[in-house]
Amino acid sequence: MEYFLVETDKKNHIPYGINVNRAVDIRYANRSMAYKIPNCCVVDMKIQMEVFFPDILTEPFLMVSEEAAQVIEMYEPETIFKTIYLLETKSEIHATYFMPFVEEVECLSEQTKRSRGGTELFEIVLRKDAVAGKTVFRIAGFTHPYLIVRLDALESMLRRDISGIRLKELSMV
């Protein structure tokens, strides 16, 4: 099966300065600590004159639109979701996102290329045995939410007109 890294396309005028009010403690942005994050959070953001709200935001933590959340829930029904209300106070522009706590999988092969400190991934190579049967998951051990989606789930998202994302096909061994 084919897997893809799904990221936010930063070529768009997307919100920035998200969570400067620290409404969400990103130390708890994983499935085992999900209970420490409130079910609903109002999170500050900054925007440019024109703003585009992509269906998947990966910084400072993973957030998805309602359409993307529905697909994730369809393929991974055990996923926990928290509601995130992004708010720009001056213009009162707001958007609703969902913070998915998808499974974290230790799936990197030895061939994966990392930064010197090992905190950033340059070329991701997955182990087939570790991802077998997985549809939507994060790579375990990283604060950056490397979101991995199997082809069938990704096609389901794209049929629902998910936009503002960048895809990178991943190799497997």
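The values are calculated or read from the model by the stated rules, or taken from the named source; none is laboratory data. Because the structure is predicted, anything quoted here is derived from the model rather than measured. Backbone-built Cβ (ideal geometry, glycine too); neighbour counts: all protein chains shown.
Some points to look at:
- Across region 32-58, the qualifying residues are those that are of a type in the set (D, E, K, R) and surrounded by fewer than 17 Cβ atoms within 10 Å (Cβ to Cβ), and the one among them that is farthest from F137 (Cα to Cα) is E50.
- Counted residues, region 114-173 - those being touching a residue at least 24 places away in the same chain (Cβ under 8 Å) and among the small types (G, A, S): 8
- Residue within region 64-79 that is at pLDDT 95 or above and touching a Phe, Trp or Tyr at 6+ places or on another chain (Cβ under 6 Å) present: yes
- Residue within region 35-55 that is closer than 28 Å to V125 by Cα and aliphatic (A, V, I, L, M) present: no
- Across region 120-173, the qualifying residues are those that are assigned to a helix (DSSP H, G or I) and touching a strand residue (DSSP E or B) at 6+ places or on another chain (Cβ under 8 Å), and the one among them that is surrounded by the most Cβ atoms within 10 Å (Cβ to Cβ) is M157.
- Looking at region 11-116, the strands (runs of 3 or more DSSP E) lying wholly inside it that each contain 1 or more residues that are of a type in the set (F, W, Y) sit at 80-88, 93-101.
- Subset of region 14-25 that is surrounded by 14 or more Cβ atoms within 10 Å (Cβ to Cβ) and aliphatic (A, V, I, L, M) - its residue that is farthest from T58 (Cα to Cα): A23
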